[in-house]
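Below is one structure, written out as structure tokens; the observations come after it.
The values are calculated or read from the model by the stated rules, or taken from the named source; none is laboratory data. Keep in mind the model is a prediction, meaning the values are calculated, not measured. Note: ideal-geometry Cβ built from the backbone for every residue, glycine included; neighbour counts use all protein chains shown. These accessible areas exclude ligands, DNA and RNA; they are computed on the full protein's heavy atoms, side chains included. Shrake-Rupley method; radii C 1.70, N 1.55, O 1.52, S 1.80 Å.
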Protein chains: 2
Amino acid sequence: MTQSSRKFGFCLFIIIKASILTNKEMKLTKRLFSNLQTLTPSHLSYFRSILPPNSIQTEDLDSYNTDWLKEHKGCSKLVLKPQNTLQVQEILKYCNQERLGVVPQSGNTGLVGGSVPVKDEVVLSLKNLNKIEGFDETQGIVWCEAGVILDVLNGYCSERGWIPPLDLGAKGSCLIGGNVATNAGGIRLIRYGSLPGNVLGLEAVLPSGEVLSDLKALRKDNTGLNLKQLFIGSEGLLGVITKVALLLAPKPKSIQTSFLAVRSYQDVVSLLKLAKTQLGEIISAYEFIDKDAFNVILKHTPRTTNPFDKSHEFYVLVETSGSNHEHDAEKMEAFLNSAYEKGIVVDGTIASNTSQADNFWRIREGVAVATRKEAKDIFKYDFSLRIPEMYDVVLECKKKVGKLGRVMGHGHVGDGNVHLTIITENGKEVEKVVYPYLYELVQSKKGSISAEHGIGLFKQGMLGYSKDEESIKYMVSTK
Amino acid sequence: MTQSSRKFGFCLFIIIKASILTNKEMKLTKRLFSNLQTLTPSHLSYFRSILPPNSIQTEDLDSYNTDWLKEHKGCSKLVLKPQNTLQVQEILKYCNQERLGVVPQSGNTGLVGGSVPVKDEVVLSLKNLNKIEGFDETQGIVWCEAGVILDVLNGYCSERGWIPPLDLGAKGSCLIGGNVATNAGGIRLIRYGSLPGNVLGLEAVLPSGEVLSDLKALRKDNTGLNLKQLFIGSEGLLGVITKVALLLAPKPKSIQTSFLAVRSYQDVVSLLKLAKTQLGEIISAYEFIDKDAFNVILKHTPRTTNPFDKSHEFYVLVETSGSNHEHDAEKMEAFLNSAYEKGIVVDGTIASNTSQADNFWRIREGVAVATRKEAKDIFKYDFSLRIPEMYDVVLECKKKVGKLGRVMGHGHVGDGNVHLTIITENGKEVEKVVYPYLYELVQSKKGSISAEHGIGLFKQGMLGYSKDEESIKYMVSTK
């Protein structure tokens, strides 16, 4: 999942963001990087003059310098934690003037190294911008600062009868501003739609220190270019998001969760069609896990129990969220009966209480951590593909990798989003085999090489696999 | 409703679009306009060399020169109707080189004069780009050219079990490309969300003739800036949309329509809250009409019958769309029972068949045409406001206009979108009274002066009432 503000483009006076460059153009970025100034005591005294002492950190910076996957470590000497928009403005304006590189950092839970310094840039942590500022109970809109933790926001809204329109594994530590900056998708996109449809307003500070504010949060407002859309998923390229207005979804009164086993990926797809027909407007998640991933999860994830006696080829988690328990239960039951009758589902269980449902979700969300524990090296991919072809990439990759490692898949089937994981004791060999093979494969199938994780640091120069030249040119000119 | 490609900004080499200018800056546009070339026989022969004869029209151009409200008439001498993207490219490239003004025109059903020539620009009609090119039945995605009529698209999708995620009064003549170019809202936004969440891809021809194509239509694709979002609602400012990929909604198996009467606008809002709680995920429209508008509609709209014996202050149309008739009927009944018990609804009826439901919708959609028949002059406004304050603007306007005219309101309550109409025999006097009063009023309430109709020609220079200076500056620099 993508959860944190991405970096790099935001080395302020670098004219073009690395992640929208082709390999050839990256040389230019390297040259620009060499023009950045190094932090001096005089810079530090300036920051001390505009920020309170607890907003400046110069020691114990490991967690700020290291990405979630621990694949990259920067060497920033300074973390700034502004407490309001004005301080963000002052910081950016000064860094821009002084040619100091800046990397905005949200929850730092992203999977593409987008929120850590490449070298020694100043880290601008948004975590102290954590106020919830307003709430509209008639329409279900919340206004808050960028540094509010998604799960905290969820708690606040939930008490008032609403929920945020997105949910992801990292909700306990990712921040809403980073969610927006990286256009986080997550597990309930199938029901509540994407952030471009749900972000009603935002405030962002531009590199110059100027503020772009559009926080009226009107559901309809056709007056001029829809600038806020540019910031959603821009990974810090255009500015730092400081506030967000979000359209909420009514808190469901009834949630049904089932965990099902099927024989083949084809049956995963058939079951999805059936679920869409029979569960209609209440379906809120449709997630799959293949056998290999399932076994690794159960081995390494605390407090999980296998819902099945036997082993199966594919597992599907189906969740519904609705407003009427009786109706929802009837729909779920009718769906499962059809699925059994048609022979699509071979085994399955409906959670009869919250702890059973929590177990199902712990299994689903355990993939990221469990696979890291299983082997020395890990490769994680995040592809968008046509649903019927989604698993082909996993199968073809298995063939290619052979005995060098284990290839497994899981993901958000309903959104056409597969997470492919390779675990191996021999990372260097595997890398040679799968790069650029996998990206070319996805390109040939007209997919995206980054469905929800973004480009960040790790996928720099790979944009060409998903976007054509004209689009990349237009991105550069927009920037 | 906004349905047609807007114009003006697209006088290709005009650097800045008029609609994002303040009054002061409009002088600049006028000067730029004077630099446009007039159509010559040599231009015409060029067009004849690249287009088939039936794509060129030089006579009977009234319907292309006149906007839907018949408030503005341009004097274009040439309408081009390209049949594919390549022809659009050639036309734009040539016009750009020759400094010929171009106005892209979709269904020409917009209400702000955005799709008609200001003077004698060439009209680029998209109506012959009318092919539906692809369909994904697993995810519910349709690919089509920009000139497909919304209702035709609806028919095509409907046969396959899906519906477009938007619906509006002009569906019989508006084109999907214009819907996207103007970010059309319409009557089912409350259920299916806005176009930024539902447009999965588009193809657009830039003024230079180059093509920007992003038609993979992946639900998740975080690779670089989300450029397509810039085109949604840009009213032709950045280019001409030629193709669209749209996320569809499952075709409902059950539709319930009720028409209710309440005593006050406050009760309209209370009823909305109740509807959201009790109808939950199946609510698909919540529309209101005040007494004055209702009476005008019934007087002038063919095939409508009054569902009530007595007259009431406010009327509400509530629609649900769901997947299970029994469940939906139960929910609607429970909602109405609560509404009666709480004394919110004073009278009401549920459509027991399609023809009754059609009558309700004819009433709701009859406003635009009926009000035009009622008096000599008409003023139509389209505001976004906080829901509880939405009707205050109508009341305050009534006071202000007094006996000079009749002020009435209707609209999409669930989206905070009110359409205010003034009908009068004395347009000039009314104009003096309401302008700029009404815009200032909406500004003071932090609303938008154009919820869904856009800026177009009629609201040029009024952007400052809805957007701050910094935003306008950023729009201009983006352009």
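If you add up the charges near B:Trp68, with Lys and Arg at +1 and Asp and Glu at -1, over every other residue whose beta carbon is less than 11 angstrom from its beta carbon, what do you get?
Numbers: positive: B:Lys70, B:Arg372, B:Lys380; negative: B:Asp67, B:Glu71.
Neighbourhood net charge equals +1.
I need the peptides A:313-320, A:176-183 ranked by packing, meaning the mean over residues of other C-beta atoms within 10 angstrom, with the highest value on top.
Details: A:313-320: 24.5, A:176-183: 31.4.
The peptides rank, most packed first, as A:176-183, A:313-320.
Ignoring ligands and nucleic acids, what accessible area does B:Ser311 show with a 1.4 Å probe (Å², nearest 10)?
80 Å²
Dipole magnitude of chain A about its Cα centre, charges +1 at Lys/Arg Cβ and -1 at Asp/Glu Cβ only, in debye to the nearest 20? Don't jump to the answer; show the numbers that get you there.
Working: 57 positive and 53 negative charges, 234 e Å.
That gives a dipole near 1120 debye.
Rolling a 1.4 angstrom probe over the protein chains, ignoring ligands and nucleic acids, what is the accessible area of B:Val211 in square angstrom, nearest 10?
Accessible area of B:Val211: about 40 Å².
With each run of n ≥ 4 DSSP H residues scored as -39500 (n - 2.57), what mean residue ellipticity at 222 nm is computed for chain B after dividing by its residue count and rounding to the nearest 500 deg cm²/dmol? Display every interim value, and only then the final one.
On the way: 18 runs with 165 residues, N = 479.
Computed mean residue ellipticity for chain B: -10000 deg cm²/dmol.
Determine the distance separating the Cα centre of region A:203-236 from the Cα centre of region B:36-80; give it in Å without decimals.
Taking the Cα centre of each part, region A:203-236 and region B:36-80 sit 37 Å apart.
How far apart, in nanometres, would the label points at A:Glu429 and B:Ser352 be if each is projected 7 angstrom from Cα along the Cα-to-Cβ direction?
7.7 nm
Past 27 Å, Cα to Cα: identify those pairs from A:Lys251/B:Lys467; A:Lys380/B:Lys220; A:Lys479/B:Lys216; A:Lys81/A:Lys228, in the order given.
Distance filter (> 27 Å) returns A:Lys251/B:Lys467.
About the Cα centre of region A:120-180, how large is the charge dipole given +1 on each Lys and Arg Cβ and -1 on each Asp and Glu Cβ? Please answer in debye to the nearest 20.
Numbers: 4 positive and 9 negative charges, 22 e Å.
Its charge dipole is roughly 100 debye.
Kirkwood hydrodynamic radius, region A:182-228, all distinct C-alpha pairs: what's the number in Å? Spell out each step's value before the answer.
Working: mean 1/r = 0.0805 Å⁻¹.
Result for region A:182-228 stands at 12.4 Å.
Please work out the Cα center distance from region A:278-322 to region B:237-253, rounded to the nearest Å.
If we compute the Cα centre of each part, the gap is 33 Å.
Taking N as the number of residues in region A:179-317, what value does Rg over Cα atoms divided by 2.2 N^0.38 Å take?
Details: Rg = 20.2 Å, N = 139, 2.2 N^0.38 = 14.3 Å.
That works out to 1.41 for region A:179-317.
Given labels modelled 7 Å from the Cα in the Cβ direction, how far is it in nm from A:Glu440 to A:Glu333?
Distance between the two pseudo-spin positions: 5.5 nm.
Within the set A:Lys70/A:Lys291; A:Lys171/A:Lys243; B:Lys445/B:Lys473; A:Lys77/A:Lys243, which residue pairs have Cα atoms separated by over 20 Å?
Correct reply: A:Lys70/A:Lys291; B:Lys445/B:Lys473; A:Lys77/A:Lys243.
Which FRET efficiency value, to the nearest 0.05, do you get for B:Lys131 and B:Lys373 by plugging their Cβ-Cβ distance into 1/(1 + (r/R0)^6) with R0 = 35 Å? Before the final figure, lay out the partial values.
Working: r = 37 Å, r/R0 = 1.05.
Calculated value: 0.40.
Leaving ligands and nucleic acids out of the surface, order B:Thr304, B:Thr40 by accessible area at 1.4 Å, largest first. Spell out each step's value before the answer.
Values: B:Thr304 25, B:Thr40 55 Å².
If we order B:Thr304, B:Thr40 from most to least accessible, we get B:Thr40, B:Thr304.
At q = 0.24 Å⁻¹, what log₁₀ I(q)/I(0) does a Debye calculation on the Cα points of region B:326-402 give, no solvent, two decimals?
Here log10 of I(q) over I(0) equals -1.15.
Please state, rounded to one decimal and in Å, the Kirkwood hydrodynamic radius that the protein assembly as shown gives when every pair of distinct Cα atoms enters the mean of 1/r.
On the way: mean 1/r = 0.0344 Å⁻¹.
It works out to 29.0 Å.
Please compute the alpha carbon radius of gyration of chain B, then divide it by the globular-protein estimate 2.2 N^0.38 Å. Two decimals is fine. Please report the intermediate quantities before stating the final value.
Working: Rg = 22.6 Å, N = 479, 2.2 N^0.38 = 23.0 Å.
That ratio works out to 0.99.
Ranked from the most accessible area to the least, with a 1.4 Å probe and all protein chains present, what is the order of A:Asp309, A:Asp358? All intermediate terms of the calculation are to be shown ahead of the outcome.
On the way: A:Asp309 155, A:Asp358 75 Å².
The ranking, largest first, comes out as A:Asp309, A:Asp358.
Hand me the trypsin sites (Lys or Arg not before Pro) from region A:266-364 located in a DSSP loop with no more than 15 other Cβ atoms within 10 Å, in residue order please. Provide the component values of the computation, followed by the final result.
On the way: sites: A:Lys273, A:Lys276, A:Lys291, A:Lys299, A:Arg303, A:Lys310, A:Lys331, A:Lys342, A:Arg362, A:Arg364; in loops: A:Arg303, A:Lys310, A:Lys342.
Passing both the DSSP loop test and the Cβ count: A:Arg303, A:Lys310, A:Lys342.
Hey, got the average number of other protein chain Cβ atoms within 10 angstrom for residues in B:384-392?
Numbers: counts 8, 2, 7, 4, 3, 0, 0, 0, 0.
Across B:384-392, the average partner-chain Cβ count within 10 Å equals 3.
For region A:260-402, what value does the Rg/Rh ratio take when both radii are computed over Cα atoms and Rh is the Kirkwood radius, given to two decimals?
Numbers: Rg = 15.8 Å, Rh = 16.3 Å.
For region A:260-402, the value is 0.97.
If the label for A:Gly172 sits 7 angstrom from Cα along the Cα-to-Cβ line, what are its distances to the same label in every other copy, in nm to one decimal, shortest first?
From this label point to the equivalent ones elsewhere in the assembly: 5.9 nm.
Identify, among B:Val318, B:Phe383, B:Leu272, the residue whose Cα sits farthest towards the positive end of the charge dipole of the protein assembly as shown, taking +1 on the Cβ of Lys and Arg and -1 on the Cβ of Asp and Glu, with the dipole about the Cα centre.
B:Phe383
Count, for each residue of B:244-257, the Cβ atoms from other chains sitting within 10 Å of its Cβ, then give me the mean as a whole number. If you can, show how the numbers build up before the last one.
Working: counts 0, 0, 0, 3, 0, 1, 5, 0, 2, 2, 1, 0, 0, 0.
Neighbouring Cβ atoms belonging to other protein chains average 1 per residue here.
Tell me which aspartates and glutamates have Cα within less than 17 Å of A:Lys310's Cα, excluding those fewer than 8 residues away on the same chain?
Hits, sequence-local ones excluded: A:Asp290, A:Asp292, A:Asp347.
Summarise the partner chain shielding of B:461-467 as one whole number: the mean count of Cβ atoms from other chains within 10 Å of each residue's Cβ. Spell out each step's value before the answer.
Numbers: counts 0, 1, 2, 1, 1, 7, 8.
Counting Cβ atoms of other protein chains within 10 Å of each residue's Cβ and averaging gives 3.
Using a 1.4 angstrom probe on the protein heavy atoms only, could you order B:His72, A:His453 from most to least accessible area? Let's see the in-between values first.
Working: B:His72 40, A:His453 10 Å².
Reading off the accessible areas and sorting them downward yields B:His72, A:His453.
Among A:Ile449, A:Ile423, A:Gln57, flag the residue with its Cα farthest along the positive direction of the charge dipole of the protein assembly as shown, charges on Cβ as +1 for Lys/Arg and -1 for Asp/Glu.
Among A:Ile449, A:Ile423, A:Gln57, the one farthest towards the positive end of the dipole of the protein assembly as shown is A:Gln57.
Along Cα→Cβ, 7 Å out, is where each label goes; now give me the distance between the ones at B:Gln97 and A:Tyr46 in nm to one decimal.
Result for the modelled spin labels: 5.0 nm.
Sort the following peptides by mean Cβ neighbour count (other Cβ atoms within 10 Å, averaged over residues), highest first: B:369-378, A:79-88.
Working: B:369-378: 16.9, A:79-88: 20.2.
Highest-to-lowest ranking by the protection proxy: A:79-88, B:369-378.
Take region A:132-250, compute every pairwise Cα distance, and split them into 10 Å bins from 0; I just need the percent in each bin.
For region A:132-250, the binned pair fractions read 14, 50, 31, 4 percent.
If I ignore ligands, DNA and RNA and count only protein heavy atoms, how much of B:Tyr340 is accessible to a 1.4 Å probe, in Å² to the nearest 10?
100 Å²
What's the ranking of A:416-429, A:392-405 by average number of surrounding C-beta atoms within 10 Å, highest first?
Values: A:416-429: 20.9, A:392-405: 16.4.
Descending packing order for the listed peptides: A:416-429, A:392-405.
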